[in-house]
Amino acid sequence: MRIRAPRSDSPSPVRRVVRQRHKFRLPKDGVYYDSETSISDSESESSSSSSSTSCDPVPEEDLPVAKPSNVRSEEELRATEAAVNSIWLLTRYPDPYEEWEKKAKEEALLSARKEYASLRKRRHTAEDAARAERAKQLEVSHKKEMEEVEARLAGLRLRQKTEEEKLREDWKVRDKQLWDKIEAVIKAEENKVKAKLDAELRAKEEEEKKRKEEEERKKQEEERKLKEAEEARLKKEREEEEARQQKEREEEQRRKEDELQKAQTERLKQEEQERKAIGMTTAEDDWRSARDSLKRLKNGPMKTVKSTKELKSAWGKIRREITPKIGQLTNDARAIDRICHELVNLIRPVQQQSADLYYACLSSLAKAILMQAETEVTAEKRSAGPLVQVTVNMLSALESFGDIFWAKLCQRAGGWPIPTVVPTVDVDGLAFTEETRKKVMGYRVEETQAEFNARLGGIMRVYFAVLFAPVQNPLGRPFQLPRYWMYFVRLLSTPHLLSSAVAPAVLQIALDVCGLEAKYVFGHQWIKMLELLYEGVTTGLMGSSDLVLGGSSPEGTAARVRVQLEIERIMNSS
């Protein structure tokens, strides 16, 4: 520690007279005066001036320095210095400043000793407190270590106890296994002896059984031969009788079939005449018409447009304008009217340019509408409204669009828009393969039944809404209101369609879209239709479990429940 001497409290004495420097001193830097005469002269001048004026010191730098005339030896210099020092000691007197400075140093030393003692006392106190704190921390640390050691010892004791228990359990298991092995060996030996005895007993029983069986076999063989002879005689007589009766039944059946065929032919002719008179068609006629239109479209206009560079370029340009317009549909009447006018103005002028290009554009428009139904309407059924309005407007405004739209609808949905079972032979007489028939039925490659049902639901929702949409001029027959009634009649009268899980899903959409409106249109007859349909989803048509709507699949069962709920909703509405 660095100890600083404090400043003394006693004031410094004021020097009124500065002590005159002794006149006997060594010259600075070995410079000497020229002669002793100059020294005596300066002394006399200095003494005379000090008597008349105050004794002010003269700086050494201002004293005149003369160049030495000769260089003295070291002995002379030492002698001169000794003489000067003796004279200075003889002439010395007490100096108040030096006394004050000495006293100040003593007081500073005393004050420093007191402060040092106080600092040392405080340092000793702090060190004692630090030692006590360290001792306390050490005690806490020792206590914590002791607790850790106790906990470790407790853990070791617990582990030792656990290991001992485990060893006891292992010893018990080993002992039990040892006794089990001993008992198993004893039992095995007993079983060997017992098996040997049983084998001897079974051998005896087997010999006795074989002897009895041989006797029984011989007896049964004799009885069988007698029975076969009797059965052969009776069978011959029975076959002769059955042949006679079968011949009579065949003649009766042939007669009845001829009469039924004749009556059916007359009835079909009469029904055909009546249908032609009122313009009705059968499901097979609708399928052939749609399939024939699609083939003529593909092999005629579409093939021509795709093979002609100019027509293909124009068709691609129009098709690229059609798709975004259909995709931009919103539930805004002005926007729908604007898009309809744009589509008509885009497609109608093409008819004068090229009929093939016109039909190709109609095909692209129908495809865009159906694809929008498959995606948007499947996700949100309320989006069917604008699409239905555009479809109705295009069916009214564009010539031949109804036939092409119907052909494309049956292409993407199979026979369900009609409805009918897709035949195994095409309209041109060629038989379908399994893959081509599945494609004609509306299925895509690697498409599951659930995906097909969802996509078909969007298409059929738009189709059913078109049937009930208000129009200024009548549309084509596939898009008129009576088709709704005809759809239910055809589906309920086709057992092959009733057993499919798709049937209840499509009927539920039809009831959801316009089942309530059909109640006001068809009246009491629609109530009867709903009763028949309710019977089909609960107990089966005519009480037959084989005619339950949707079959026994999980998808069909779920769809039946939805159809039942829709029927109850329609019947409960006022």
note = From fewest to most C-beta neighbours within 10 Å, the residues THR281, THR162 line up as THR162, THR281
request  = Straight distance only, please: which lysines reach the Cα of LYS227 with their own Cα at less than 28 Å, same-chain residues fewer than 8 apart left out?
outcome  = LYS209, LYS210, LYS212, LYS218, LYS219, LYS235, LYS236
note = Note, segment 291-307: 3J(HN,Hα) by Karplus (6.51, -1.76, 1.60, θ = phi - 60°), whole Hz, Gly/Pro = x, goes 5, 5, 4, 5, 5, 5, 5, 6, 7, x, x, 5, 5, 5, 5, 5, 8
note = Taking a straight Cα-to-Cα line shorter than 28 Å from LYS172, and setting aside same-chain lysines fewer than 8 residues away, one finds LYS161, LYS181, LYS187
inquiry  = I need the phi-derived Karplus couplings for segment 478-486: 6.51 cos²θ - 1.76 cosθ + 1.60, θ = phi - 60°, integer Hz, Gly and Pro marked x.
reply    = x, 10, 9, 4, x, 4, 5, 4, 5
query = Any idea how far the Cα center of segment 213-274 sits from the one of segment 428-489, in Å?
reply = 46 Å
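THR323 to THR436: FRET efficiency via 1/(1 + (r/R0)^6), r the Cβ-Cβ distance, R0 22 Å, to the nearest 0.05?
So, using R0 = 22 Å, E works out to roughly 0.20.
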message = Loop only by DSSP, 15 or fewer other Cβ within 10 Å of the Cβ. Give me the GluC sites (Glu not before Pro) in segment 346-439 that pass, ordered by residue number.
response = GLU380, GLU399
remark   = Checked segment 142-258 against the a/c 1.5 cut and the a/b vs b/c comparison, axes a ≥ b ≥ c from its Cα gyration tensor; verdict oblate
key: Sequence of TRP526, TRP416, TRP179 once ranked by neighbouring C-beta atoms within 10 Å, starting from the fewest   = TRP179, TRP526, TRP416
remark   = As straight-line cross-link partners of LYS136, the qualifying aspartates and glutamates (C-alpha separation under 20 Å, not fewer than 8 residues apart within one chain) are GLU127, ASP128, GLU145, GLU147, GLU148
query = Rounded, prolate or oblate: which fits segment 373-479, taking a ≥ b ≥ c as square roots of the Cα gyration tensor eigenvalues, rounded meaning a/c under 1.5, else prolate when a/b beats b/c?
reply = oblate
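Which net charge results when you count Lys and Arg as +1 and Asp and Glu as -1 among the other residues whose beta-carbon is under 10 Å from that of ASP428? Spell out each step's value before the answer.
Values: positive: ARG291, LYS295; negative: ASP292, ASP426.
After counting each charged neighbour, the total is 0.
Taken together, the values in this text are just the output of simple stated rules run on the coordinates, not laboratory data. Source: prediction; values computed, not measured. Here the Cβ is made from the backbone with ideal geometry for all residues, glycine too, and neighbour counts use every protein chain on show.
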